[in-house]
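The values are calculated or read from the model by the stated rules, or taken from the named source; none is laboratory data. These numbers come from a predicted model, not from an experiment. Counting neighbours? That spans all protein chains shown, and the Cβs are built from the backbone with ideal geometry, glycine included. With ligands, DNA and RNA removed, areas are computed over all heavy atoms of the protein, side chains included. Shrake-Rupley method; radii C 1.70, N 1.55, O 1.52, S 1.80 Å.
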Amino acid sequence: GAHIMLHSTGDESLTARIENVEVRKAGQKGRLGRYPIHFHMIGTVFNSYIRNVTVHHTFNRAYTIHGVHHLRVQDCISYHTFGHTFFIEDGIETKNVFERNLGVLAFGTANLLNTDITPAMFWITNPDNIYRGNRAVGSQNYGFWLKAEAGVKGASAAAGLGTDTCPNHVPLGEFSNNVAHSNGRYGFR
């Protein structure tokens, strides 16, 4: 269960460019924060991206964006994951771009959030992000799940971040040309 965690407190305090990589059998089952690729509590990352990456047969999610803004996730694939797959964590995350990604087969797990029992290929906690040309196929439950809460949750809230952020009142960034099919319940919830 290898995991890649990028963490540095403060806007533009690191630059990470993950490109043309295959990640398999990664993530640690039942351990929060131990995901195959995890951008964690950095803030703004204009110069960082994940491109042309394949993450498959994971034990805990695939791509996690947590407390990060302006990250680009483009032309990536996930296959056979447990829990939410393209995952925005606390509801504070904004202006991230998810473009031309493909997620196939997401299975439920009782080891993470309660909602991971009914996973979404794209878990969206703040509408102010950009989703263009993505495909969500064969999730046990949902293709795209927009679950904007009344306030920021998790480590971001515990750190006192986003106290003035109300995700369920934020306008939708962009959601265009996305397709969801063959999911267990809904393509978009």
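Residue by residue, here is whether (1) under 16 Å from residue 121 (Cβ atoms); (2) in a loop (DSSP other than H, G, I, E, B) holds:
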{"residue": "14", "(1), (2)": "no, yes"}
{"residue": "23", "(1), (2)": "no, no"}
{"residue": "29", "(1), (2)": "no, yes"}
{"residue": "42", "(1), (2)": "no, no"}
{"residue": "61", "(1), (2)": "yes, yes"}
{"residue": "66", "(1), (2)": "no, no"}
{"residue": "79", "(1), (2)": "yes, no"}
{"residue": "87", "(1), (2)": "yes, no"}
Of all residues making up the range 52-93, the number that are more than 25 Å from residue 159 (Cβ to Cβ) and either of a type in the set (Lys, Arg) or open to solvent by 10 Å² or more (accessible area, probe 1.4 Å) (or both): 11
Any hit, the range 59-81, residues being farther than 22 Å from residue 186 by Cα and among the aromatic types (Phe, Trp, Tyr): yes
Residue check, residue 104 within 15 Å of the chain's Cα centre (by Cα), hydrophobic (A, V, I, L, M, F, W, C) and under 16 Å from residue 80 (Cβ atoms): yes
Failed condition for residue 12, given (1) among the acidic types (Asp, Glu); (2) surrounded by fewer than 19 Cβ atoms within 10 Å (Cβ to Cβ); (3) touching a Lys or Arg at 6+ places or on another chain (Cβ under 7 Å): (3)
Selection status of residue 90, more than 20 Å from residue 146 (Cβ to Cβ) and in contact with a strand residue (DSSP E or B) (Cβ under 9 Å, 6 or more places away or on another chain): no
First in the range 90-115 and among the acidic types (Asp, Glu), second anywhere and open to solvent by 30 Å² or more (accessible area, probe 1.4 Å), Cβ under 6 Å, 6 or more apart: 90/153; 90/154; 99/132
Given (1) assigned to a strand (DSSP E or B); (2) crowded, with 20+ Cβ neighbours inside 10 Å, index of the condition residue 35 fails: (1)
Only listed residue being aromatic (Phe, Trp, Tyr), out of contact with any Pro (no Cβ under 7 Å at 6 or more places or on another chain) and in contact (Cβ under 8 Å) with a residue 40 or more places away in the chain, chosen from 79, 63, 49, 35: 35
